[in-house]
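Inspection log for the structure reproduced underneath, given as structure tokens.
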Amino acid sequence: MTDTNAHLGLGEKKVDLPVRKGTIGPDVIDIGALYKNTGAFTYDPGFTSTASCESKITFIDGDEGVLLHRGYPIEQLAEHGDFLETCYLLLYGELPTAAQKKDFDYRVTHHTMVHEQMSRFFTGFRRDAHPMAVMVGTVGALSAFYHDSTDITDPHQRMVASLRMIAKMPTIAAMAYKYHIGQPFVYPQNDLDYASNFLRMCFAVPCEEYKVNPVLARAMDRIFILHADHEQNASTSTVRLAGSSGANPFACIAAGIACLWGPAHGGANEAALNMLMEIGTPDRIPEFIARAKDKNDPFRLMGFGHRVYKNYDPRAKIMQKTTHEVLAELGHTDDPLLQVAMELEKIALTDPYFIEKKLYPNIDFYSGITLKAMGFPTTMFTVLFALARTVGWIAQWAEMIEDPQQRIGRPRQLYTGAPKRDYVPLSKR
Ligand code: SDX
């Protein structure tokens, strides 16, 4: 919808730029014709004031701490639904009926196996390779196996590729974990739900029966829901940009995994837990708070702060509740890491520096404590984030492909390098 115009004066030039309104959230100023009419680019490294696309999938209100998926609050989805229901909602735009849910669950369940030759990829990696390195490699390699779902112009192939990604990520993630610890791969079991299947593929061993703990399975499923999608974050923007060139979905998801790995993004859950372990005891918290505030110290309080949330990350609240449930179920209520985390949160939320900069705990602050208690090594934390975020990446990728305004993403720059100059022969330098 275009209601009004923004007026820009640049030297002698004056341009009217259309202002578009969304359903909710900030208006956007359409600058598509800016360069043509003024010869100038906009400049916004980090995209703090830039909307890269139009989307109907996820809405975040950072000031209010609101997160909606297709209009449904994350708190309600996490409380009442399961992860595959959220997957269906993100992909198709509506909550499924009972019949649609049954069919979707069946289709995902019956795509969980990977090509047997995939297992040979793992043997090429060192056992101590970071599982995220393995994920980038193996997920990218999926396009070498599934030639029948890489034609992005075919809606059917796009949907098959989407289902394959959602279904196979737990299997590949579990294989990365098993390879890392030197245990045999465990095949998926079709009579288990998505989260239970994943826990079994990670923690079952051939020597004995593995019984899924329903409290842990529910917690795992809820953690997947909390990580499913998050508007145009760095890794989603990476997937969109890679997809805009026409690259196949498996390669685009591999690019998203690579971007998520960074400690400023999905790698923060691993970094946050390592930070809590480094702090060790509550009496050392002031030392780390001081370092986080010291401009000359690159240290940051991992799991705190967010580009969009200038209030408490709604996912972090649900994550904290899940942490308490898991630790109680496992009898770890006196987990020292939780004590440090809760004391750190209490101090940080009353510290003027964090209040002034609106730095609140984000989803990565509590997730690590939960995952460690469930038996995952810290190196697997971002793998679990990638597993859950695959549906968000895929839904955003599909929306981008189906967007009639879609063109290859090709930003420009502010050039501050050398002006044109002639080559100087070596003898004259
Ligand atoms: C995720 O985008 C998404 O939606 C991401 C995500 C998703 O679901 O996809 O939500 C997942 O990535 C969550 C964020 C996980 N990252 C961390 O927890 C790492 C620690 N946080 C920071 O690195 C930082 O807060 C970012 C990267 C999350 C946000 O960085 P911004 O928006 O670029 O903000 P900034 O770095 O400019 O910080 C603003 C100010 C700075 O001080 P000044 O330069 O203004 O003096 O706040 C300070 C920063 O120094 N600051 C922190 C801090 N985070 C920001 N100071 C101490 N500790 C911190 N954690």
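Across the range 1-103, how many lysine pairs, 8 or more positions apart or on different chains, have C-alpha atoms separated by under 28 Å? Please give the number.
7
Contact order normalised by length for the range 9-107, with contacts defined as Cα pairs under 8 Å and 6 or more residues apart; what percent is it?
Relative CO of the range 9-107 lands at 13 percent.
Return a whole-number percent for the relative contact order of the range 184-302, with Cα pairs under 8 Å and 6 or more residues apart as the contact set.
13
Give me the percent relative contact order of the range 101-183, please, defined on Cα pairs under 8 angstrom at least 6 residues apart.
Computed value for the range 101-183: 47 percent relative contact order.
Could you tell me what fraction of 2.2 N^0.38 Å the Cα radius of gyration of the chain comes to, as a two-decimal ratio?
Numbers: Rg = 23.3 Å, N = 429, 2.2 N^0.38 = 22.0 Å.
Taking the Cα Rg and dividing by 2.2 N^0.38 Å, one obtains 1.06.
Where in the range 245-284 does the label zone of Glu343 land, with the point 7 angstrom along Cα→C-beta and an amide N cut-off under 15 Å?
276-284
Which value, in Å to one decimal place, does the Kirkwood hydrodynamic radius take for the range 246-321 when every pair of different Cα atoms is included?
Answer for the range 246-321: a Kirkwood hydrodynamic radius of 14.7 Å.
Using 0.36 nm times the number of residues separating Val215 and Lys102, minus their current alpha carbon distance, what extension gain do you get?
38.4 nm
Counting only the heavy atoms of the protein chains, how much of Lys56 is accessible to a 1.4 Å probe, in Å² to the nearest 10?
Per-residue accessible area (Lys56): approximately 140 Å².
Which residues' amide hydrogens lie under 5 Å from the amide hydrogen of Ala6, considering only partners 5 or more residues apart or on another chain, with H built in the peptide plane?
Amide H neighbours of Ala6: Leu17, Val19.
Alpha carbon centre of the range 39-73 versus the range 360-399: separation in Å?
21
Keeping all protein chains in the complex and leaving out DNA, RNA and ligands, what accessible area do you get for Asp351 with a 1.4 Å probe, in Å² to the nearest 10?
20
How do His265, His332 stack up against each other in accessible area, from largest to smallest, with a 1.4 angstrom probe?
So, going from the largest accessible area down, we get His332, His265.
Would you mind finding the longest exposed-site-free stretch of the chain, with exposed chymotrypsin sites (Phe, Trp or Tyr not before Pro) meaning DSSP loop and at most 10 other Cβ atoms within 10 Å?
44-414
Using a Cα distance threshold of under 23 Å, what count of lysine pairs results for the range 335-429 when pairs must be 8 or more residues apart or interchain?
Summing the qualifying lysine pairs gives 4.
Using a probe radius of 1.4 Å on heavy atoms only, what accessible surface per residue do you get for the chain? Whole Å² is fine.
Accessible area per residue: 50 Å².
How large is ³J(HN,Hα), in whole Hz, for each residue of the range 23-38 in order, when computed from phi with the Karplus curve 6.51 cos²θ - 1.76 cosθ + 1.60 and θ = phi - 60°, using x for Gly and Pro?
Values, residue by residue: 5, 9, x, x, 5, 10, 9, 6, 9, x, 9, 4, 5, 4, 8, 10 Hz.
The values are calculated or read from the model by the stated rules, or taken from the named source; none is laboratory data. On a predicted model such as this, the values are computed, not experimentally measured, just so you know. Cβ atoms come from the backbone with ideal geometry, glycine included; neighbour counts cover every protein chain shown. For the accessible areas, the whole protein counts, side chains as well, though only heavy atoms, and no ligand, DNA or RNA atoms are used. Shrake-Rupley method; radii C 1.70, N 1.55, O 1.52, S 1.80 Å.
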